[in-house]
1. Determine the gain in length on full extension of the stretch Y120-K6; use 0.36 nm per residue of separation and subtract their C-alpha separation, reporting nm with one decimal.
2. Give me the number: length gained by fully extending K71 to F110, i.e. 0.36 nm times residue separation minus the C-alpha to C-alpha distance, one decimal in nm.
3. Need one number: the % of Cα-Cα pairs in region 85-133 sitting beyond the 14 Å mark.
Amino acid sequence: MKVALKDIVDALEMLPDEDFYFLDRQTGRVRVAGSAGIVEESGEIDDVLDWQDDQFKVAGAIFADWERFEKLPSKFDIHEWEVMREFAESVEPERFSDDLQRAIHGAGAFRYFKDTLRQYRREQDWYDFRAER
């Protein structure tokens, strides 16, 4: 089964904390199941908003056939902070590197890191570095 790596990378970049992404081994598609716990508890798909309907159906399919789906790593599994640190240490000029290294320490590190990238207009450098990692 061929799978588009771009679909997996896109899913990981958009991943909110409460959602889980799965690779459907039959179709090669990346599927989101944000409310899998609700389906597991009730076994039914009732009182669902239209936009949630697909997620509930995917969650139900996952519980019905675990072998068909591969859970993709969460953003916490990828260790993005470590990748940010490596990027911060690798960039020039030194002032930009220092600002990024200060940004990744303490509360709000991800937000401050991205703010610093915007300030220096270097977002694309970060995206390219992260994609390579």
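Where a number appears in this text, it was derived from the coordinates with a stated rule and is not lab data. Everything numeric here is computed off the predicted structure, so don't read it as measured data.
1. On the way: separation 114, 0.36 × 114 = 41.04 nm, distance 2.69 nm.
Stretched fully, the Y120-K6 segment lengthens by 38.3 nm.
2. Working: separation 39, 0.36 × 39 = 14.04 nm, distance 2.45 nm.
Using 0.36 nm per residue and subtracting the Cα-Cα distance, I get 11.6 nm.
3. Distances greater than 14 Å cover 44 percent of the Cα pairs.
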